[in-house]
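Quick notes on the structure that follows.
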Amino acid sequence: MTTINVLYISIEGNTRSFLKRLQTYANQMNSINPANPTINLKEITAQTIPAHEEEPFFAFVPTYLDGGDGFTSGYTEMMTNPLGEYIAEGKNADNLIGVVGSGNKNFNEQYCLTARMYAKAFDAPFVVDYELRGTNEDLEVVYRRLKDVAEKQG
């Protein structure tokens, strides 16, 4: 395994910021030990032309829900639909090996709910989560979890 592929959507920039930092961290780990994989990023937007994903990939999904107070209602996913549609296109979901969620822990039960909904809809494992733009510790944890899952995929 030389590269971990990541598809993501970033509405407010938090996911993009975290993933750019994660990509830099992976490059550093790879320069220390070439056995450590690098990370290839692909941002999905409403303008993305559907394509067939040939390689296994992870989906990074921020949480955006309509309504609710963190405890009740508000379980209608919104704004990340282009990513869900892209994954659902053709046989792309067959290459989805894990879902990573992000969100605001102040949202209680709604924290990472969108990612958990993706994992269920596409029958993929929910791998790990981080809050908002993540911390340096989150970079290490997320990278390690991605690496573990990717290695098991062979």
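The values are calculated or read from the model by the stated rules, or taken from the named source; none is laboratory data. What you see is a predicted model, and the numbers here were worked out from it, not measured in a lab. In this analysis, Cβ positions are derived from the backbone assuming ideal geometry, glycine residues included, and neighbour counts consider all displayed protein chains. Quick note on the areas: whole protein, heavy atoms, side chains included, nothing else; ligands and nucleic acids left out. Shrake-Rupley method; radii C 1.70, N 1.55, O 1.52, S 1.80 Å.
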Hits in the range 109-144 - residues which are over 12 Å from A59 (Cα atoms) and without any contact (Cβ under 8 Å) to a residue 40 or more places away in the chain: E109, K120, A121, D123, E131, T135, N136, E137, V141, R144
Of everything in the range 1-24, what is in a helix (DSSP H, G or I) and either open to solvent by less than 30 Å² (accessible area, probe 1.4 Å) or among the hydroxyl-bearing types (S, T, Y) (or both)? Give them in sequence order. T15, S17, F18, L19, L22, T24
For the range 62-154, which fully contained helices (runs of 4 or more DSSP H) count at least 2 residues that are under 18 Å from S10 (Cβ atoms) and at pLDDT below 90? 113-121
Which numbered condition trips up G98, out of (1) touching a residue at least 40 places away in the same chain (Cβ under 8 Å); (2) surrounded by fewer than 13 Cβ atoms within 10 Å (Cβ to Cβ)? (2)
All positions within the range 108-122 that are surrounded by fewer than 19 Cβ atoms within 10 Å (Cβ to Cβ) and under 17 Å from E85 (Cβ atoms): K120, A121, F122
